[in-house]
Amino acid sequence: MKAERLQEIIRRFADCRIAVLGDYFLDKYLDVNPALAEISMETGKTAHQVVSIRCAPGAAGTVINNLAALGAGKLYVLGFTGDDGEGFELRRSLRQLGCDIEGLLIHPDRFTPTYLKPRVCDTADLSGEHERYDTKNRMRTSDEVQAGILAHLERLLHRVDAVVVVDQVEQDECGVVTRTVRDGLAAFAGRHPKVVFWADSRRRIGSFRNVIIKVNSHEAVEETFPGGLPDGDGVLGDDSVKVAMAELRRRTGKPVFVTAGRRGIWIDDAQPTLVRGLSVPEPTDPTGAGDSATAGAVLSLCAGAAIHEAALLANLVASITVQQLATTGTASPDQLGPRLELWHTQV
């Protein structure tokens, strides 16, 4: 890719309208100052002292953060939260990003999923992180909420260029992307071929149909070879990835993006091709890298990029976000040009 082509794609970002459907978490960072620690008189245990609190949309919200930072024109949020303080913080953060949150339903009987992340305030690298506390829903999502999300999406489809699906919750039927919602997405994608449908899932990527999927290489092989790797030595090799991609493409009927960490992203553009990634100096933090890659790829596809170009943009974006420590990073359009120059020096 030449610099002029990159800028041509970037200029179209502002015209793109994207709906992100999925599990919205609140990322809640508690910055702790160890010098202020106290001993509880009642228990004798350390009472860690929080000196600041930072909140941001997480999970599906991480994709939103990156789309907004890259300059997407309009963003629509589809999912649900609880009727609680975390839900208030999440909604406020999404509004501040300029999102339309009409499709973010309130489910009074459920938590707002939250990743509570205590960390040492003056330590920038990963060594400053405490153990994380997760709040998740472990009860079945109601039929009413599932129907409401699908109905809202159906009303949006004539207004958007892409639908991104983020299936974060690992417990079956307890999140936004239930079996019913996946079936609805497959039907919508069949009826709206001009809309880019893209899905990422922690546990159920092989259950999607009619949509582009993104999956990492280990997940792709585990999904297609549940009995174990076909490689004789048990090591994940490129041949296994290529066979897995072909099988996933057969199931979905759409292109497949397989991330391979620092190596880059495999695509099945006529034949399996590895679009090389970038090497960046340590330290790095991979938190949210996959979501930032999704944002870069989908926005590029909406802007008219070919599949291999979208994979390259995804690599550029992820190479920027992994260098941001102690936070879930984002990339801006003006950072992409220098990263493309760096990429050319490495391939």
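I need a count of the residues in the range 324-342 that are more than 18 Å from Pro57 (Cα to Cα) and out of contact with any helix residue (DSSP H, G or I) (no Cβ under 7 Å at 6 or more places or on another chain).
Qualifying residue count, the range 324-342: 4.
Which of the residues belonging to the range 233-265 are among the hydrophobic types (A, V, I, L, M, F, W, C) and either in contact with a Pro (Cβ under 9 Å, 6 or more places away or on another chain) or not in a loop (DSSP other than H, G, I, E, B) (or both)?
Val241, Val243, Ala244, Met245, Ala246, Leu248, Val256, Phe257, Val258, Ile265
With respect to the numbered conditions (1) of a type outside the set (Lys, Arg); (2) at pLDDT 95 or above; (3) on the phi > 0 side of the Ramachandran plot, which one is the sole condition not fulfilled by Gly288?
(2)
Can you list residue pairs whose Cβ atoms sit under 8 Å apart, with the first residue in the range 63-74 being closer than 17 Å to Asn315 by Cβ and the second being among the acidic types (Asp, Glu) and assigned to a helix (DSSP H, G or I)? Count only pairs 6 or more apart in sequence or on different chains.
Close Cβ pairs (under 8 Å, with a partner that is among the acidic types (Asp, Glu) and assigned to a helix (DSSP H, G or I)) amount to Val63/Asp291; Asn66/Asp291.
I'd like to know if the range 105-119 contains one or more residues that are of a type in the set (A, V, I, L, M) and surrounded by 22 or more Cβ atoms within 10 Å (Cβ to Cβ).
The answer is no; no qualifying residue exists.
Only one of Val160, Val176 is more than 17 Å from the chain's Cα centre (by Cα), buried (at least 18 other Cβ atoms within 10 Å of the Cβ) and part of a loop (DSSP other than H, G, I, E, B). Can you tell me which?
Val160
Give me the pairs: first residue in the range 269-287 and aliphatic (A, V, I, L, M), second residue modelled with pLDDT of 85 or more and assigned to a loop (DSSP other than H, G, I, E, B), beta-carbon distance under 6 Å, and six or more apart or on different chains, which are they?
Correct list of pairs: Val280/Gln323.
Yes or no, residue by residue, for (1) among the polar types (S, T, N, Q); (2) modelled with pLDDT under 95; (3) touching a helix residue (DSSP H, G or I) at 6+ places or on another chain (Cβ under 8 Å):
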| residue | (1), (2), (3) |
| --- | --- |
| Tyr133 | no, no, no |
| Gln146 | yes, no, yes |
| Ile149 | no, no, yes |
| Leu153 | no, no, yes |
| Leu156 | no, no, no |
| Asp161 | no, no, yes |
| Val165 | no, no, yes |
| Gln168 | yes, no, yes |
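Assess whether Thr284 counts as being over 21 Å from the mean Cα position of the chain (by Cα) and either among the aromatic types (Phe, Trp, Tyr) or surrounded by fewer than 20 Cβ atoms within 10 Å (Cβ to Cβ) (or both).
It is false that Thr284 is over 21 Å from the mean Cα position of the chain (by Cα) and either among the aromatic types (Phe, Trp, Tyr) or surrounded by fewer than 20 Cβ atoms within 10 Å (Cβ to Cβ) (or both).
Would you call Arg262 within 23 Å of Ala124 (Cα to Cα) and surrounded by fewer than 24 Cβ atoms within 10 Å (Cβ to Cβ)?
Criteria met by Arg262.
Name every residue in the range 9-29 that is touching a Cys at 6+ places or on another chain (Cβ under 9 Å) and over 27 Å from Phe188 (Cα atoms), in order of residue number.
Scanning the range 9-29 gives Leu26, Asp27, Lys28, Tyr29.
Is it true that some residue in the range 209-218 is among the basic types (Lys, Arg), part of a loop (DSSP other than H, G, I, E, B) and free of Cβ contacts under 8 Å to residues at least 60 places away in the same chain?
Looking for residues that are among the basic types (Lys, Arg), part of a loop (DSSP other than H, G, I, E, B) and free of Cβ contacts under 8 Å to residues at least 60 places away in the same chain, one finds at least one in the range 209-218, hence yes.
Can you tell me which residue within the range 50-71, out of those that are surrounded by 15 or more Cβ atoms within 10 Å (Cβ to Cβ) and farther than 19 Å from Arg92 by Cα, is nearest to the chain's Cα centre (by Cα)?
Leu70
Conditions: (1) surrounded by fewer than 21 Cβ atoms within 10 Å (Cβ to Cβ); (2) in a helix (DSSP H, G or I); (3) not basic (Lys, Arg). Gln324 meets all but one. Number of the miss?
(2)
So which residues in the range 120-151 are within 17 Å of Gly87 (Cβ to Cβ), buried (at least 19 other Cβ atoms within 10 Å of the Cβ) and not aliphatic (A, V, I, L, M)?
Listed by number, the residues that qualify are Asn137, Thr141.
Name the residues in the range 184-208 that are in contact with an Asp or Glu (Cβ under 9 Å, 6 or more places away or on another chain), farther than 15 Å from Val169 by Cα and among the charged types (D, E, K, R), would you?
Matches in the range 184-208: Lys194 only.
With respect to Val275, is the statement that it is surrounded by fewer than 22 Cβ atoms within 10 Å (Cβ to Cβ), under 21 Å from Glu8 (Cβ atoms), more than 19 Å from the chain's Cα centre (by Cα) and among the β-branched types (Val, Ile, Thr) true?
Against the criterion (surrounded by fewer than 22 Cβ atoms within 10 Å (Cβ to Cβ), under 21 Å from Glu8 (Cβ atoms), more than 19 Å from the chain's Cα centre (by Cα) and among the β-branched types (Val, Ile, Thr)), Val275 does not qualify.
Any residue at all in the range 326-338 that's touching a Ser or Thr at 6+ places or on another chain (Cβ under 9 Å) and either over 30 Å from Val120 (Cβ atoms) or free of Cβ contacts under 8 Å to residues at least 40 places away in the same chain (or both)?
no
The values are calculated or read from the model by the stated rules, or taken from the named source; none is laboratory data. Bear in mind the structure is a predicted one, so any value in this text is a computation, not a measurement. No Cβ is skipped: glycine too gets one built from the backbone with ideal geometry, and neighbour counts run over all protein chains shown.
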